[in-house]
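Since every read-out is calculated from the coordinates, none of them should be taken as a lab result. For clarity, every value in this text was computed on a predicted model and none was experimentally measured. Here Cβ is always computed from backbone atoms with ideal geometry, including for glycine, and neighbour counts include all displayed protein chains.
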C-alpha cells in the first residue's frame, strides 16, 4: 500500500513536470477578426506566445528568430477542394542586440526596441491593421472561411541551429490553425 502511494505521487509529479515542459514552447491564437475599411480588408489578431529555456537562451545569445504569420481566405466547396481566394504571409523578426541590450521586433519596414524579452514577446503577439485583401476579391453572395496561424520559420535560422531544430522538439513552434467564417460583407 505504501509503495502504491509513493508510486502515484511520483507519476503525479512526472505528469505535472511534463505538462510544464510541454507548455514551455507554444503559440496559440487568442483572437482574430477581419475589419472592412473602404475597399480593403484588415486583420487584427492576438496570439499567446511562450518560449522555453532553449529558445530564450538562443535569443539572448543573439540568434534572430523569424516568425511567419500566415493568413488565408477560402471559398468552401462541397464536392471539390476549397477555392483559395487570398493567401498572404507576414514575417516578423525577433532579435537581441547585445551592444544596446535591447530586444528588437522588426516587421515590414518598422522596428521597435524593448528593454525586456517579455515586452518584445507581447509586441510579437499582436497584429494590427494588416492589409490582407481587397474587398473586390470577395462576392457578397458567397460564404467564405478565414484561417490564421503563426509559426517559427526554421529555414531562417542559422545553419548550425537548423540541424538541431530538425531533431529537437524544442524548435517546433507553431500555432494550430485558427479558422472562422467571414461575415458582414458589405
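Size of region 24-182: Rg and Dmax of its alpha carbons, in Å, are 17.3, 58. Computed on the Cα trace of region 125-166, the radius of gyration divided by the Kirkwood hydrodynamic radius gives Rg/Rh = 1.22. Fully extending the segment from residue 33 to residue 46, taken as 0.36 nm per residue of separation minus the present Cα-Cα distance, adds 3.7 nm. Here the peptides 122-132, 137-147 are ranked by packing, the mean other Cβ count within 10 Å, and the order with the highest first is 122-132, 137-147. Distance distribution P(r), region 34-84, all Cα-Cα pairs, bin width 5 angstrom from 0: 4, 12, 14, 14, 13, 13, 11, 10, 7, 2, 0 percent. List the residues of region 23-53 whose backbone N lies under 12 Å from a point placed 7 Å from the Cα of residue 86 along the Cα-to-Cβ direction. Under cut-off, by backbone N: 33-44.
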